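S.K.: Mind having a look at this structure? Questions to follow.
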Amino acid sequence: YIAGQTLEMLDHNITHEYHCELILGSLDQIRDRVKSNTAPPSLPSWKFDHDRQGWRFNNASDTGWPLKDVWHVLLEKDDPQLFSPHVFFDAGEAPVLTIRAAFKTRHQNGTVFWRRLENGRSVEGGALNFPIQGDGVMRDHIVRLSDSKNYHGKILEFRIDPVPSGADGDWVKVESV
């Protein structure tokens, strides 16, 4: 049995679609069907032009669904966090993370965290700070993940802390990751 393992944010006015396929047959027939129906692996890439792309937040809020060209997240609580959906790729294939975003805050740094697979378990991978400018201008923020000795193996999830602690009027508008 394979099922989606992601947490979803469901707004009062959202339309949520889910696809399910039941496969009957021998184990070999089931495996063949799944292999033939699986896209080749690719590196994760998210563009927030009309939805959250499976991302969710903690200690934050957003302007709701549907999104309009960006994911507008309000950072007015302590320790706001943005979580990616589950991913699975080799760290060596993605040495850099690009966050296209505009920040309105007094803070000067955000932080990227990641989880990785180790001995069959999900473990904390590491973290890197990246500079931000809180003037509300859209920019590419380049995080050189490969600069961390802890960025290796299979990557399972990202977490972005746009600011260490929020304040009234703080926000981030994320166009893509």
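The values are calculated or read from the model by the stated rules, or taken from the named source; none is laboratory data. Nothing here was measured: the structure is a model prediction, and the numbers come from that model. Ideal geometry is used to build each Cβ from the backbone, glycine not excepted, and the neighbour counts take in all protein chains shown. Quick note on the areas: whole protein, heavy atoms, side chains included, nothing else; ligands and nucleic acids left out. Shrake-Rupley method; radii C 1.70, N 1.55, O 1.52, S 1.80 Å.
S.K.: Would you calculate the separation in nanometres between label points at residue 121 and residue 133, each defined as 7 Å from the Cα along the Cα-to-beta-carbon direction?
M.R.: 4.4 nm
S.K.: Stretched out fully, how many nm does the piece from residue 159 to residue 77 gain, at 0.36 nm a residue minus the Cα gap?
M.R.: Fully extending the segment from residue 159 to residue 77 adds 27.9 nm.
S.K.: Figure the gain on full extension for residue 168 and residue 31 (residue separation times 0.36 nm, minus the Cα-Cα span) and round it to one decimal in nm.
M.R.: Taking residue 168 through residue 31 to full extension adds about 44.1 nm, to one decimal.
S.K.: Distance from the Cα centre of region 35-97 to that of region 162-177, in angstrom?
M.R.: Taking the Cα centre of region 162-177 as reference, the centre of region 35-97 is 14 Å away.
S.K.: Heavy atoms only, 1.4 Å probe, whole protein assembly: order 99, 142 by accessible area, highest first.
M.R.: 142, 99
S.K.: Let me ask something else. Quick one: in region 138-177, what % of C-alpha pairs are over 11 Å apart?
M.R.: 78 percent
S.K.: Within 10 Å, Cβ to Cβ, of residue 23, how many net charges do the neighbouring residues add up to if Lys/Arg are +1 and Asp/Glu are -1?
M.R.: 0
S.K.: From Cα pairs below 8 angstrom and at least 6 apart in sequence, can you work out the relative contact order of region 24-173, rounded to a whole percent?
M.R.: 30 percent
S.K.: Further question on the same structure: Can you tell me the Rg and the Dmax, both Å, for the Cα atoms in region 87-177?
M.R.: 13.9, 43
S.K.: Tell me, what is the 1.4 Å probe accessible area of residue 168, in Å² to the nearest 10?
M.R.: 140 Å²
S.K.: Nearest 10 degrees, 0 to 90: what angle lies between the long axis of helix 27-36 and the longest principal axis of the chain (Cα atoms)?
M.R.: 50 degrees
S.K.: Which trypsin sites (Lys or Arg not before Pro) does region 99-177 hold that lie in a coil by DSSP with at most 10 other beta carbons within 10 Å?
M.R.: Here the trypsin sites (Lys or Arg not before Pro) that fit, given the DSSP loop and packing criteria, are 106, 149.
S.K.: Rank these residues by their accessible area, most exposed first, probe 1.4 Å: 151, 18. Display every interim value, and only then the final one.
M.R.: On the way: 151 20, 18 155 Å².
From most exposed to least exposed: 18, 151.
S.K.: At a probe radius of 1.4 Å, what is the per-residue accessible area of residue 9, in Å² to the nearest 10?
M.R.: Roughly 50 Å² of residue 9 is accessible to a 1.4 Å probe.
S.K.: Quick one: compute the contact order of region 9-74, relative version, from alpha carbon pairs under 8 angstrom and 6+ residues apart, as a percent.
M.R.: With pairs under 8 Å counted, the relative contact order is 31 percent.
S.K.: A further question on this structure: Using helices alone, I'd like the mean residue ellipticity at 222 nm for the chain: each DSSP H run of four-plus residues gives -39500 (n - 2.57), total over residue count, nearest 500. Numbers along the way, then the final one.
M.R.: Values: 1 runs with 10 residues, N = 177.
So the helix-based figure for the chain works out to -1500 deg cm²/dmol.
S.K.: May I pose another question? Which residue fluctuates the most in the chain, going by a Gaussian network model with Cα springs under 10 Å, if the choices are 131, 41, 162?
M.R.: Top of the fluctuation ranking is 41.
S.K.: May I pose another question? Would you list 141, 72 from the most to the least accessible area, probe 1.4 Å?
M.R.: 72, 141
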